[in-house]
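Notes to accompany the following structure.
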Amino acid sequence: MTRTEPHPAEAVDALAVEHVSWRAGAVPIISDVTLRVAPGELVALIGPNGAGKTSLFNVVSGLYRPSGGRVLLGGADVTRLAPYRRARLGLGRTFQTSAVFASLTVIENVALGIQAARGGSMRPWRRRSDRSITAAAHDIADRVFLGERKAATAGSLAHGEKRKLEIALLLAAAPKMLLLDEPMAGVSAEDVLALAEVIHGLTGDGRGVLMVEHHMDVVLDLADRVAVMHHGTLLACDSPAAVMADATVQEAYVGEAL
């Protein structure tokens, strides 16, 4: 895959995490983390279990209030905003476990996501006046390579297909910044490449992506930059080649994992 070049340095960051810290009670979990994602850039966040990756996602998405630092989305300070307000400003997130409407079809899931983002009726696929929503849902389903599964119920999809549908639900809200938390978790080997192709296309229209992932081959193939967390701190953030060659990173994580 050919990586999408990030936008010029003068562009406003899709996401900026500035000197963020977070404690669980008296225990420091994240310590002084600064990380930026440019529009059109995919940054992979790696590190061993317990490094603080998901905690950082929780701070960025608003589930946790940081004990220090701030979070900016498209240049706007969202540190004190609730998760739903961040979503309205263009932040989308997946979680480690799949979350779709199992009894609805693929198209119904995506159409519901579009209507939720627009407001109004929550049964858009049954209304003739909402044909534009249905058409948009078909377009999004095609973008995530679920074109042949549009009429299938979400509960009948394979795990890799459910991951694609989760991404489709995010795209339904037209986000500007995506957080993908281990999108390959539990996905069969034969589905990894197809899902990676979907993720590869997410930055094409200037959308920023921050992705936690343990599949190093996927990380090295997709990421513009790789950020490494260890014991709640950011060890390095650089090109995949530079990070893999970093002796500190190798000692803390990569060499052990490989």
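Some notes on this structure:
- Residue check: F145 meets all listed conditions (1) surrounded by 20 or more Cβ atoms within 10 Å (Cβ to Cβ); (2) closer than 26 Å to H200 by Cα; (3) touching a helix residue (DSSP H, G or I) at 6+ places or on another chain (Cβ under 9 Å) but one, namely (1).
- For V12, the conditions (1) of a type outside the set (S, T, N, Q); (2) touching a residue at least 60 places away in the same chain (Cβ under 8 Å); (3) surrounded by 17 or more Cβ atoms within 10 Å (Cβ to Cβ) all hold with the exception of (3).
- Across the stretch 1-34, the qualifying residues are those that are of a type in the set (D, E) and within 28 Å of L195 (Cβ to Cβ), and the one among them that is modelled with the highest pLDDT is D13.
- When residues of the stretch 226-258 are limited to those that are buried (at least 21 other Cβ atoms within 10 Å of the Cβ) and at pLDDT 90 or above, the one farthest from E18 (Cα to Cα): V243
- Total residues in the stretch 65-99, condition over 19 Å from E182 (Cα atoms) and in contact with a helix residue (DSSP H, G or I) (Cβ under 7 Å, 6 or more places away or on another chain): 6
- Condition broken by V209, with the remaining ones in (1) at pLDDT below 95; (2) under 17 Å from the mean Cα position of the chain (by Cα) satisfied: (1)
- Residue list for the stretch 208-233, filter: assigned to a strand (DSSP E or B), closer than 21 Å to R93 by Cα and not basic (K, R): G208, V209, L210, M211, V212, V226, A227, V228, M229
- Helices (runs of 4 or more DSSP H) (entirely within the stretch 126-207) containing at least 1 residues that are in contact with a Phe, Trp or Tyr (Cβ under 9 Å, 6 or more places away or on another chain), of a type in the set (D, E) and closer than 19 Å to V100 by Cβ: 159-172
- Conditions (1) of a type in the set (S, T, N, Q); (2) over 27 Å from G186 (Cβ atoms); (3) in contact (Cβ under 8 Å) with a residue 60 or more places away in the chain: number failed by S98: (2)
- Number of residues in the stretch 197-225 that are buried (at least 20 other Cβ atoms within 10 Å of the Cβ) and of a type in the set (G, A, S) equals 2.
The values are calculated or read from the model by the stated rules, or taken from the named source; none is laboratory data. Remember, predicted model here, so these are calculated numbers, not experimental data. When we count neighbours, we look across all protein chains shown, and the Cβ atoms used for this are built from the backbone with ideal geometry, even at glycine.
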